[in-house]
Amino acid sequence: MNIFKTFLYKIKYLIEALHSRSMGYNNNLRIFRIIRYLIILAFLLYSCGSKPYGSITLSELAPQLEPDYSDLTIPPNISPLNFIIKQKASAYYVKIFSDSGSEIVVKSGNGKIRIPPSKWRKMLLGNAGKNVKIDVYSKDDEGRWLKFKTINNKIASEKIDPYIYYRLLYPGYESWNELSINFRNLESFKSESFIENSVVDQNCVNCHSFNNGKTDDFLFHMRGTLGGTYFYRNGQFKKINLKTSDNKNGAVYPRWHPSGKFVAFSSNKIIQRFHAADNKKIEVTDLESSLLLYDVELNEIMNVEAAGKETFMDTYPEWSPDGKYLYFCRAARIGKDYDYKKIQYNLYRVPFEIDKRTFGHSELVFDAVQINKSAAFPRVSPDGRFLIFTLADYGCFPIWHKEADLYSLNLIDLKVSRLDLNSDYCDSYHSWSSNSKWLIFSSKRDDGLTARPYISYINENGISSKPFILPQSDPEFYKSFLKSYNIPEFSTVKIDLNPGKIRKLAKTAPVPAKWFKN
Amino acid sequence: MDQETTNSSPYLFWLPYAAFLLITYIYFGFISNYILYFQEKSSLFIFSYNFLQEHLNKPGGLLIWLGKFLSAFFYYPPVGALILSSVLTLIVFSITKINYILTGKYKLIISFLIGVILFYLQTNYRFLIFNNLGLLLQLGLFCLVIRFNAFFKGWLSVIIVPFIYYTTGGFIWIYLLLMSFYLISAFKKTILLRFFSMWALSMILYLSAREFIFFQSDKTLITYPILQYNEGSQLIVFLIVAGIISILPAILRIRFREHRNFSISNVQQSIIGTTILLFILVIIAIARFDNKKKKYFYVEKLFFENRFNEVIEFNTVNPPTNLLTIYLNNIALCETGRLDDQLFHFPQNKEGKTLFLEWKMESEILKHGGYFYYTAGMINEAHRWAFENMVMKGFTSDGLRMLIKTELINANYDMAEKYINILRHSLFYRKEAVKFEKLMTNCLNGGSNNEIIQKRQEKTQHDYFTISENPYINIEMTLASDSMNRKAFEYKMAFLLLHKDYNGILHELRGYERLGYTELPAHIEEAVIALAISNKGKMPDTGNIRVSKKTELRWNQYLTVLQQYGNNIKSAEPVLKKQFGNTFWYYVFYK
C-alpha cells in the first residue's frame, strides 16, 4: 500500500511539474527524477512480482512439461528445448542451471518457456559431458510459490550432426498437393525448403538419400511428368532415368555405398490399399521386389546377384560402413492369392567385391519370421558396431503399423534387443548421426497419425536414452502442425540448391542408365 | 455523367455510389446469398502462424490470405454482403478519384461501367473476393502514388513495386500498366527514367523470385492467383476488365465533345445516371440470379446441419434435378429410415450415381462423397474422403467437422483434439469447437447418448480393403461382415431397385425381418408385387412380414389405369406419372 501511495503521489507531482514546465531547470530536474523513479519502480515491481520470494513450498512432484524434456541426454549443440508447463498457475519462474554454475532464468505468465538461444548455446557448450538442471516454480492465484522437483538432463560430450533432411507431407492416403524436402539446422530453429514440388509442376519428390551424411553425395527421386532420379555431387546435379526395359519396376529405395561409387536400390512393385475398419489406415504391400546396383561413374545399373533371389522378394538395401557387405530384407515371393499378413521379412546380408562389382552368397543375419515378425529398414551405425532395424508383425511398410518398434542388432555378438526408446505407437524410420552416437527416428507416439522426429542418444553398449522430440521455437508447434516428418536423415553438410537450379534441371531430359547384364 | 464538385450538393455526389452499394448489398445479402454461403464454406480462415505461413511461399499469397479472412465474415450474409458491396463500391470510387486527379473532373461513366461488369462477375458464385481486392489494391495504391507523387522525390511509384508484387502477385501487371500509361503521358526525361526503372525492378524481382526465393513455377510467379482461381468465360471477362483498368490513364484523357443543344444540369445528370445504373444492375441481377443453385446450396446447408427431415421436405416441394442434390437427399432419406420408402419420390439415376459418388479428385465429389460412407457406417472411408479433400483443398468447416467426428468414432482422441484446436482458432466456429470438446469429454467418460457413440455402434466392425472405384462392392463387403448394418442394407436394396435386379431383391427379402422391420418399405412392397406378377401370382418369401393391403390396392389401381388405356404403356404414361410416378412400378415401366 505504501508503494502504491508513493506511486500515486509521484504521478500527481509529475503532472503538476509538467504543467508548470516553464519554471525552468529545477522543474526539469524534478521531472527527470520522477521519471527515473517510475522506471525503477516498474522494474522492481516486475522483478518482485515474477520471481519467487517468501515461503516457497517444495513439491515432490515433477513439473509436467510439454514436450517432455526431462531426464534426457541431450547434445551440446542442440537448439533450445522450449517447452510449456502444463500445471496451471498465474506465473512461472524457470531457472536452468549447470554444474559449472551458469544460470538462465525465464519468466512466463502463460507457461510457455522460450529459452534465450545464445545463453543456452553457451551453457551447453561450456558443460558438455556434465548436467543441466531445470527448476520450475509456479505461483498460484493467492501469490504463493511452489517449487517442483528439479529436472536433471545430461549433456553428452558428443555433438549431433548439425542438419536433418526430411520430407514434409500429410500422413494421408494417395493424393498430394504440397510436398517438400526440407532441412533443419539442429543448432538453431532455422528450417528451409530444399525442394518444393510446386517448382516442378507438382511432381512427387521422395526418397532423399545422403552418403552417410558426410559428403554432399545426395540423391532424390521425382515421380511425374518431370520424373527421374536426381544425383547431386560436388555441387553438380545429374538427372538419370534408372528405369530400363530390364527393370520395369524402376529403382525405389536407395542407399549409397560409402565409397560414393555405387548406390544400391530396391526395385519394387507396390500396391496400396485402405482398411475399412482397422485403425490401421493404409496397407502397403510389395507384390515383387529385388535389389539393383547402380554404378554412379559408369551410369550402369544391374541386378544384385544374391543367391536365391529368384524365389524371394528382396528390399531395403543397406551397406556396412566399410562397403564390404550389403544388408537387406528378404521375404518369400508371394503368389497370386496371398495373405498380406503372412508376408514377413528376415534380415540378410551378402558380401560385395567393390572392384569386381560382384556379390557372394547371402547369409541370414536375423530370423524375424521365426518369432512371427517382419524386419525392415536395416541401418548400420557408422562405426559398424550396431544395426538398428524396425520390427513389425508383418509387411515391409511399418510406418502404418502401430506395433512397429526399433530393435538393435549387435554386429559383434549378433544379439538382438529391443531398444528402450520405443513407445506404444509406431516407431520406425531411423538414421544414425555420423559419430554413431545419435539416432533420429520417426515416431507416431504424439497422436497415432503424424510422424514426428525423435532423437535419442546411443551409448557405447548400444543402449538408447529417453528420446526427445525435435525442439521448436514455439513449444505449441506440434499441437496444430498436421504434416508428417518423413524419412528424417542426419547430415553434416548443407547442400546449396535453389529453385532456379531445380527448375532448370527438371526440364532437362534424363540420361538413361545402361543396363548391365552380370 | 460528370460531376462538378464546386456547385453540386454532396447528396447528389454520393447518390450513384449509394445506389450501387445498396443494390449490390441487397442482391448479395438477401437474394443471392448462396454466393456468400458457398465462398464461406470453401475455405476456413485460421488465426495461426502456420496458416499465415502457408500463404507466404509465393507472391500473391497474402492477397489470398486476406480474401479468406474477409470470406470468413460471409458466415453472416448481411455482414458479408456489406463487405462485398463495399469493396465493389470502393473500386468504383477509386476509379472516379483517379479520374479526378488526372483530369480534374469526376467522370462516372467509366467507373460505373467497370463496377457493373464486376458486379456481373461477382454474380458467379465461383468468383472469389480476392479478385476484387486485388483490383482495389492496385487502384488504391496507384491513386496514392499519383496523389502523393512528390514523396521520395517522385520515386514512390518504383519503391512500392516489391510490396505490390509480394502482396498481390499477378495483379501487379495492372499497377505496372497503370503507372506506365501515366508516366508515358507525362513524357519528361526524369519520369521516363522512373518508367524504365519500374519495369527493370519488376524484372529483377521476378528473376530473383524465380532463381533464389520461391519454389514456384514461372506461371505461378507471373500470374498467381488470377489464372489459378479463375477459368472459362469468367477469366476472359475478368481479364478484359483488368485490361480496361490498366489503361485508365489513357482512356480518361479521351475527351468527348458535349453537344451544345443537349446539356443537362448536374442534378439531372446525377438522377438520370443513377436511374440508368439502377436499371442495369437490376437487369443483371435478374438475368444472373440462379434459382437452381440457390436451392441446391440451401439443401446443402440443411444437410450439413443434419436437418435431414427439412432436406426431404424442401426437395419434395422443390423437386431436384441435380445429381448432387438427389445424392444428398438419398442420404437424408437413409438417415431418417426412409430410403426404400421414398427413393422414387425423387428422380434417380438408374446406374446408382445418385446413391454414391465414385472416387474422383474433383472438389465437389471429394467434398461430398464421404457422407454416404459415413451414413452406411464405413467410417474409415468417410474419413479418407474428408482427409483427401483437406489435403487437396485445405481446411473447411464441414471438412473439419467430418474429420473430428470420424476420429472421435474411431477413438483417436489425440487427432480429434488437434482438429478441434484448429476449429477453435477460426473466427465463427469456436462455439462448435467447444461443443466438440464437450462431446469428446463425454465419450471419454463413457457417455452413451450422443451421435458419436451411436455411430460407433453402427460402424463396420470387420476389416476389409475398400474399393473406391466401385462403391457398391463396399456395401456388399460391409454386409458380408456385418449383416445387421441397417443403413448399408437399405442402400443395397435401393441399388438393386434401381438396377431392377429382381433376383437380388428376391434373395434379400428375408433381410428385413432379420433386421427387425415390422413392415416392408413401400418400394420393396411394390417390388414384391412385381415379383409375384412375374411368378404367376405367387408371393415371394418375405418371412412373417406381409405386403400391406394398401399397396395391393394401389397396384390394382395402377392396373386399372393401364387397362383404361388398353394396356398401351405410352398412352397411359401421363396419367400413370401423375398418380404413380413415385412408385417402383412406374420406374420399371418407364425408366
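The values are calculated or read from the model by the stated rules, or taken from the named source; none is laboratory data. Being a predicted model, the structure only gives us computed values, none of them experimental. Quick reminder, even Gly has a Cβ in these numbers, built from the backbone with ideal geometry, and neighbours come from all protein chains shown. For accessibility, only protein heavy atoms count, side chains too; no ligands or nucleic acids. Shrake-Rupley method; radii C 1.70, N 1.55, O 1.52, S 1.80 Å.
In vacuum, with every alpha carbon of the protein assembly as shown counted as one equal point scatterer, what does the Debye formula give for log10 I(q)/I(0) at q = 0.06 Å⁻¹? Two decimals, please.
Evaluating at q = 0.06 Å⁻¹ gives log10 I(q)/I(0) of -0.66.
Using θ = phi - 60° and the Karplus curve 6.51 cos²θ - 1.76 cosθ + 1.60, what whole-Hz ³J(HN,Hα) does each residue of the range A:417-433 get, with Gly and Pro shown as x?
With coefficients 6.51, -1.76 and 1.60, one gets 9, 7, 6, 6, 6, 6, 10, 7, 10, 4, 10, 9, 2, 9, 8, 8, 6 Hz.
Using a 1.4 Å probe and ignoring any ligands, DNA or RNA, find the accessible area of B:Met539 and quote it in Å² to the nearest 10.
Looks like 90 Å² after rounding.
For A:Ala506, what is the net charge nearby, where nearby means another residue's Cβ is under 9 Å from its Cβ and Lys, Arg count +1, Asp, Glu -1?
Values: positive: A:Lys239, A:Arg503, A:Lys504, A:Lys507; negative: A:Asp201.
Around A:Ala506, the surrounding residues sum to +3.
Where does each of B:Ser534, B:Ser571 land when they are ordered by accessible area, with a 1.4 Å probe and the largest first?
B:Ser534, B:Ser571
Compute the accessible area of each residue in the range A:468-486 twice, once for its chain alone and once with every protein chain present, using a 1.4 Å probe on heavy atoms, and list those whose area falls by at least 40 Å².
A:Lys479, A:Ser480, A:Leu482
Would you work out which of A:Pro453, A:Thr390, A:Phe148 lies farthest towards the positive end of the dipole of chain A, given +1 charges on the beta-carbon of Lys and Arg and -1 on that of Asp and Glu, about the Cα centre?
A:Phe148
Checking the a/c ratio against 1.5 first, then a/b against b/c, what shape does the Cα gyration tensor give for chain B? Before the final figure, lay out the partial values.
Working: a/c = 3.04, a/b = 1.91, b/c = 1.59.
Note, shape of chain B comes out prolate.
Which of the listed residues, A:His401, B:Met484, A:Ile371, is farthest toward the dipole's positive end in the protein assembly as shown, when Lys, Arg count +1 and Asp, Glu count -1 at the beta-carbon?
Checking the options against the dipole of the protein assembly as shown, the answer is A:His401.
Taking H as built 1.01 Å from N, whose amide H comes closer than 5 Å to the amide H of B:Gly60, not counting residues under 5 places away?
B:Thr167, B:Thr168, B:Gly169
Note down the net charge around B:Tyr373, summing +1 for each Lys or Arg and -1 for each Asp or Glu among other residues with Cβ under 10 Å from its Cβ.
Summing Lys/Arg as +1 and Asp/Glu as -1 gives 0.
Please work out whether the range B:39-150 counts as rounded, prolate or oblate from its C-alpha gyration tensor, where a ≥ b ≥ c are the square roots of the eigenvalues and a/c under 1.5 means rounded, while otherwise a/b larger than b/c means prolate and anything else oblate?
Oblate is the answer for the range B:39-150, as a/c is 1.5 or above yet b/c matches or exceeds a/b.
Among the aspartates and glutamates, which fall within straight-line cross-link reach of A:Lys119, defined as a Cα-Cα distance under 12 Å, with same-chain neighbours fewer than 8 residues apart omitted?
Hits, sequence-local ones excluded: A:Glu103.
Which residues of the range A:263-292 bury at least 50 Å² of accessible area once all protein chains are present, versus their chain alone (1.4 Å probe)?
A:Phe274, A:Ala276, A:Ala277, A:Asn279
For the range B:116-215, take the convex hull of the Cα atoms, compute a quarter of its surface area, and give me that in nm², please.
7.6
With N set to the number of residues, divide the alpha-carbon radius of gyration of chain A by 2.2 N^0.38 Å and report two decimals.
After normalising by residue count via 2.2 N^0.38 Å, the value is 1.21.
Report A:Asp446's accessible area, 1.4 Å probe, all protein chains in place, as a number in Å² to the nearest 10.
For A:Asp446, the solvent-accessible surface is approximately 50 Å².
If you rank B:Lys459, A:Lys51, A:Lys504 by how much accessible surface each has, with a 1.4 Å probe, what is the order from largest down?
A:Lys504, A:Lys51, B:Lys459
So how far, in whole Å, is the C-alpha centre of the range B:282-347 from the one of the range A:355-390?
Comparing the Cα centres of the range B:282-347 and the range A:355-390, I get a distance of 60 Å.
Give the value in nm², to one decimal: projected area of the alpha carbon convex hull of the range B:436-591, averaged over all directions.
Averaging across all directions leaves 12.7 nm² for the Cα convex hull.
Quick check of the Kirkwood formula: for the range B:469-513, what is the inverse mean of 1/r over all pairs of different Cα atoms, in Å?
Evaluated over the range B:469-513, this radius sits at 10.6 Å.
Aspartates and glutamates near A:Lys154 by alpha-carbon distance under 15 Å, same-chain residues fewer than 8 away left out - which ones?
A:Lys154 reaches A:Asp68, A:Asp71, A:Asp99, A:Asp135.
Distance from the Cα centre of the range B:99-125 to that of the range A:475-518, in angstrom?
Cα centroid of the range B:99-125 versus Cα centroid of the range A:475-518: 49 Å apart.
Using just the helices of chain A, give the 222 nm mean residue ellipticity in deg cm²/dmol: DSSP H runs with n ≥ 4 each add -39,500 (n - 2.57), and the total is spread over all residues, rounded to 500.
-4000 deg cm²/dmol
Less than 14 Å apart at the alpha-carbon level, and either on another chain or at least 8 residues along: which aspartates and glutamates does that give for A:Lys356?
Straight-distance partners of A:Lys356: A:Asp295, A:Glu300, A:Glu305.
Rg to Rh ratio, the range A:366-474, alpha-carbon atoms and Kirkwood radius?
Taking Rh as the inverse mean 1/r over Cα pairs, Rg/Rh reads 0.96.
Summed for both chains, how many Å² of accessible area, to the nearest 100, are buried between A and B with a 1.4 Å probe? Let's see the in-between values first.
Details: alone 24340 and 28600 Å², together 49330 Å².
Using a 1.4 Å probe on protein heavy atoms, the buried area is about 3600 Å².
As a check on your grasp of the helix formula, calculate [θ] at 222 nm for chain B: sum -39500 (n - 2.57) over DSSP H runs of n ≥ 4, divide by the residue count, round to the nearest 500.
It lands at -21000 deg cm²/dmol.
Over 26 Å between Cα atoms, which of A:Lys159/A:Lys494; A:Lys107/A:Lys483; A:Lys243/B:Lys219; A:Lys112/A:Lys139; A:Lys51/A:Lys86; A:Lys373/A:Lys415 qualify? Present the calculation step by step, with values, prior to reporting the outcome.
Values: A:Lys159/A:Lys494 17 Å; A:Lys107/A:Lys483 31 Å; A:Lys243/B:Lys219 30 Å; A:Lys112/A:Lys139 14 Å; A:Lys51/A:Lys86 19 Å; A:Lys373/A:Lys415 16 Å.
Over 26 Å apart, Cα to Cα: A:Lys107/A:Lys483; A:Lys243/B:Lys219.
Do any of A:Lys12/A:Lys88; B:Lys367/B:Lys459; B:Lys405/B:Lys500; A:Lys324/A:Lys444; A:Lys402/B:Lys58 go past 30 Å between their Cα atoms, and which?
A:Lys12/A:Lys88; B:Lys405/B:Lys500; A:Lys324/A:Lys444; A:Lys402/B:Lys58
Leaving ligands, DNA and RNA out of it, rank A:Glu305, A:Glu196 by accessible area with a 1.4 Å probe, largest first.
Putting A:Glu305, A:Glu196 in descending order of accessible area: A:Glu305, A:Glu196.
Tell me the per residue accessible area of chain B using a 1.4 Å probe; a whole number in Å² is fine.
So chain B comes to 45 Å² accessible per residue, rounded to a whole number.
Provide the net charge surrounding A:Pro80, with neighbours chosen by a C-beta distance below 12 Å and charges set as Lys +1, Arg +1, Asp -1, Glu -1. Working shown, then result.
On the way: positive: A:Arg114, A:Lys119, A:Arg121, A:Lys122; negative: A:Glu187, A:Asp474.
Here the count lands on +2.
GluC sites (Glu not before Pro) within the range B:266-368: which are DSSP loop residues with at most 16 other Cβ atoms inside 10 Å? All intermediate terms of the calculation are to be shown ahead of the outcome.
Details: sites: B:Glu300, B:Glu305, B:Glu310, B:Glu313, B:Glu335, B:Glu351, B:Glu358, B:Glu362, B:Glu364; in loops: B:Glu305, B:Glu351, B:Glu358, B:Glu362.
Those satisfying the criteria are B:Glu305, B:Glu351, B:Glu358, B:Glu362.
Using only Cα atoms, locate the centre of the range B:506-531 and the centre of the range A:64-125, then give the distance between them in Å, rounded to an integer.
Taking the Cα centre of each part, the range B:506-531 and the range A:64-125 sit 68 Å apart.
Could you size up the charge dipole of chain A around its Cα centre, putting +1 on the beta carbon of Lys and Arg and -1 on that of Asp and Glu, and report it in debye to the nearest 20?
2160
Taking R0 as 22 Å, what FRET efficiency do you get between B:Val434 and B:Lys393 from their Cβ-Cβ distance, rounded to the nearest 0.05?
My answer for the efficiency is 0.30.
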